[in-house]
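The values are calculated or read from the model by the stated rules, or taken from the named source; none is laboratory data. Everything quoted here is computed from the prediction, not taken from an experiment. Ideal geometry is used to build each Cβ from the backbone, glycine not excepted, and the neighbour counts take in all protein chains shown. Ligands, DNA and RNA are stripped out before the accessible areas are found, and what is left, the full protein with its side chains, is counted by its heavy atoms. Shrake-Rupley method; radii C 1.70, N 1.55, O 1.52, S 1.80 Å.
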Amino acid sequence: MYDLSKVVVTSSPHIKADDDTRSLMLDVLLALLPALVVAVYTFGPRALVLTVISMVACAVFETIYNKLVRRPNTVGDLSCLVTGVLIAFNVPVAASWWLVVFGALFAIIVVKMLFGGIGRNFMNPALGARAFMLASWAGMMTTWTAPHANLPLIGTVNVTDAISTATPLAEMKNGVLPSASLTELLLGQTGGVIGETSALALIVGGLYLLWRKVIKINIPAAYILTVAVITFLFPMGDVSRVDWMLSQVLSGGLMLGAIFMATDYVTSPVTVRGQIIFGIGCGLLTVFIRYFGDLPEGVSYSILIMNTLVWALDKATHRRKFGYALDKKKEAQ
């Protein structure tokens, strides 16, 4: 006979797993490493310096906030470091160091901690920071650097040092294929923000996350395939459909956004159908902004817009409980 007086009753969940937030965030950091290596090779050590500054700033701001509100320090879960890397990945390498600090301040304090910390923010902190930086310092956020330019490690970058160049998406905005080849787009030898240029490095990181079961294929596949199908069916200008589609998929922040930011646990749907709809919505908005918006890129804003609709997607696509009547009026009839 069992002594029921010793049974401890607790609330759900009751499933135990070895994974925790720290291990998941560590996997994401490892998955971002190939893109960082390519960025340092392409843009020089300044890319690494900005990334480190952003990570440190995020950790400092989260620590300060926790001390001010007298909460346990949550830096140990490593989520703030992931945010720091993604903020750096979303700025041009010619940006000043203080820009990523302000981005970290907005991401950690405003988007994340003021809403209750990890698990409670309604939008991706790094993307919120990107939108904030782009609205506040548009000139600095749109100064692109040619690959292998000789840039100072920390100091202000002059226009002559930056060797300003057009990004592939800016060229395609005029209905022509980019001057960079598909191989260069795949390997990251083009202008752009620090972490978006090498589609191959980002795909390698995404495959690692899939292998580790940190993310599911639903959102990235739905997102990328939607962009691919629409751009193939509706190319701009008299160009090859296949080349246009591949250039659109491999350019800009599509891979970075689809793999590392649209899949954020907190700001993406939990249901399979909701995730697929979320990815399709991101893809539709991305192409719409790229084709008809003033900006050549639409990944950030498309994900942010869909972040605000996650609650509705989860509500509309959740499984119906067994024996639960959704409409009592119909049941009465």
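The chain has equivalent-ellipsoid semi-axes of 36, 27, 17 Å, by the square roots of 5 times the alpha carbon gyration tensor eigenvalues, sorted largest first. Kindly report the accessible area of the chain per residue (heavy atoms of protein chains, probe 1.4 Å, no ligands, DNA or RNA), in Å². With all protein chains present, the chain gives 52 Å² per residue.
Taking label points 7 Å from Cα along the Cα-to-Cβ direction, ASP20 and ILE64 give a separation of 2.8 nm. Total lysine pairs in the chain at Cα distances under 25 Å, for residues eight or more apart or on different chains: 16.
Segment PHE232..LEU309, full-extension length gain: 25.0 nm, with 0.36 nm per residue of separation and the alpha-carbon distance subtracted. Kirkwood hydrodynamic radius of region 95-211, from the reciprocal of the average inverse Cα-Cα distance over all distinct pairs: 16.3 Å. In the chain, the portion of solvent-accessible area held by carbon and sulfur atoms comes to 66 percent [1.4 Å probe, whole percent, DNA, RNA and ligands not counted]. Each of SER179, SER268 has its accessible area taken with a 1.4 Å probe; listed largest first, they run SER179, SER268.
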